[in-house]
Amino acid sequence: MERRKKKAIGAFAVTGLLLIATILFSINTGSLSISGANIDIIMDLRIPRILISIVGGAGIAVSGVLLQSVMKNPLADPGILGISAGSSLSAILITGLVPSMYFLTPIFSFIGGVVACFLVYTLSWKDGLSAFRIILVGITINTVFVALIDCAESLMGGNNALASFTESRLSMKGWDDFYMLLTYSVVFVVLGVLLASRCDLLALEDRTVGSLGINVTALRIKVSAVAVFLAAICTSVLGTVSFLGLLAPYIGRMLVGSGHKTLIPYSMIAGALLMLLADTTGRTIAAPNEISAAVIMAVIGGPCFIVLLRRASGSYGR
């Protein structure tokens with residue numbers, strides 16, 4: 001027990017220091033150097049972009065943790081339920097069809113995520129909710145939404161505004177985006193932390209949890225709702241980012257264990273670090289051109305996830 005505790009403390013310390021180092025590197029790296037002439041531009045563009053990456057990455061990671069606890073499956077993330085795709089589709093439709101209502105994009109993105117989750121849970125219901133059915137239906141719903149996104153982009157001609165919802169393009173994000181993301185994320189991250197002990201119960205057999213007087217189905221819906229809200233608002237700002245909601249919690253389980261009171265805080269730090277690394281790499285590796293953070297996460301996250309799978313025990317909660 002003492003060894004495990006020391007390992008967890010070390011993981012928090014190292015990951016936290018890496019995040020701080022990445023923040024400092026990201027602030028000082030880019031097409032503009034920090035000087036009296038550029039400081040205002042850096043404050044208005046680079047700093048909010050960094051903060052959005054941190055808050056959004058943490059939010060998506062927590063959403064992944066919550067969804068994995070619901071489905072007892074370490075492969076689950078916002079994408080597996082089609083939440084990110086549903087959010088992106090709603091944002092694309094409102095941006096392309098009613099450009100004057102662009103300022104309502106976060107709200108429509110949120111609604112799209114809720115609709116996706118509602119469809120998954122409705123179609124998965126059969127004398128209760130089965131984690132296996134949820135996963136299968138979620139994959140199907142996600143595939144349908146991705147196809148609809150491709151159709152919508154093709155019909156609307158495609159442009160940077162639309163592409164920003166399917167790729168993580170943060171170059172034009174500012175302080176308003178950060179404040180909006182922070183306001184919603186803090187609320188739902190706090191709710192996720194408050195549900196940590198309940199998430200631990202979901203790792204048990206349904207009959208065992210039911211014998212404690214807890215409605216398992218209601219608990220799954222409650223945890224899923226928090227995860228959906230958190231993923232949707234992050235997607236509305238960051239765009240669709242693959243693997244982040246998978247990798248951060250997976251790494252967390254390897255380093256700090258599966259107890260959610262520890263796993264959720266660590267996943268927040270790890271998610272923030274991964275997202276900021278992806279965005280910083282994307283805007284510096286091919287400067288002055290940019291590669292979206294979504295592409296970086298796909299290229300790096302895919303192989304890393306395969307390695308993690310090969311090293312994992314293969315069961316949830318270990």
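The values are calculated or read from the model by the stated rules, or taken from the named source; none is laboratory data. All values reported here derive from a predicted model rather than from experimental measurement. No Cβ is skipped: glycine too gets one built from the backbone with ideal geometry, and neighbour counts run over all protein chains shown. Remember, those area values only see protein heavy atoms, side chains included, never the ligands or the DNA or RNA. Shrake-Rupley method; radii C 1.70, N 1.55, O 1.52, S 1.80 Å.
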For the chain: accessible area per residue (Å², 1.4 Å): 47 Å²
Accessible area of Val187, 1.4 Å probe, to the nearest 10 Å²? 80 Å²
Return the Cα extents of region 17-156 along principal axes one, two and three, sorted largest first, each rounded to a whole Å. 65, 41, 22
In what sequence, largest accessible area first, do Phe110, Phe188 appear using a 1.4 Å probe? Phe110, Phe188
Does region 103-156 come out rounded, prolate or oblate, given a ≥ b ≥ c as the square roots of the eigenvalues of its C-alpha gyration tensor, rounded meaning a/c under 1.5 and, failing that, prolate meaning a/b above b/c? oblate
Share of carbon and sulfur in the accessible heavy-atom surface of the chain [1.4 Å probe, %]: 67 percent
With only helices counted (DSSP H, runs n ≥ 4, each -39500 (n - 2.57)), the per-residue ellipticity at 222 nm for the chain, to the nearest 500, works out to -24000 deg cm²/dmol
Please give every one of the aspartates and glutamates within straight-line cross-link reach of Lys126, meaning a C-alpha to C-alpha distance under 19 Å, and leave out same-chain neighbours fewer than 8 residues apart. Glu205, Asp206
Which of Gly257, Gly192, Gly302 moves the most in a Gaussian network model of the chain with Cα springs under 10 Å? Gly302
List the aspartates and glutamates whose Cα lies under 12 Å from the Cα of Lys173, skipping any in the same chain that are fewer than 8 positions away. Asp44
Spelling out what I want: for every residue of region 42-59, take phi, set θ = phi - 60°, compute 6.51 cos²θ - 1.76 cosθ + 1.60 (Karplus), and round to whole Hz; glycine and proline get x. 5, 5, 8, 10, 6, 5, x, 5, 5, 5, 5, 4, 5, 5, x, x, 5, x
Three-way shape call for the chain based on the alpha-carbon gyration tensor, with the a/c threshold at 1.5: oblate
Taking the dipole of the chain about the Cα centre (Lys, Arg +1; Asp, Glu -1; charges at Cβ), the one of Ile41, Val226, Met101 that reaches farthest to the positive side is Val226
With every protein chain kept in place and a 1.4 Å probe, the residues Asp206, Asp127, Asp40 fall, from largest accessible area down, as Asp127, Asp40, Asp206
Express in Å², to the nearest 10, the accessible area of Met254 obtained by rolling a 1.4 Å probe over the protein heavy atoms while all chains stay in place. 70 Å²
Taking Trp125, Trp175 and ranking on accessible area (1.4 Å, protein atoms only), highest first, one gets Trp125, Trp175
Pick out, from Leu148, Leu212, Phe178, the residue whose Cα sits farthest towards the positive end of the charge dipole of the chain, with +1 on the Cβ of Lys and Arg and -1 on the Cβ of Asp and Glu. Leu212
Keeping all protein chains in the complex and leaving out DNA, RNA and ligands, what accessible area do you get for Val62 with a 1.4 Å probe, in Å² to the nearest 10? 0 Å²
Greater than 21 Å apart at Cα, pairs in Lys222/Lys261; Lys5/Lys222; Lys7/Lys261: Lys5/Lys222
Computed magnitude of the charge dipole of the chain (debye, nearest 20; Cβ of K, R +1, Cβ of D, E -1): 1280 debye
Please list 3J(HN,Hα) in residue order for region 91-96, calculated via the Karplus relation 6.51 cos²θ - 1.76 cosθ + 1.60 where θ = phi - 60°; whole Hz, with x for glycine and proline. 5, 5, 5, 5, 6, x
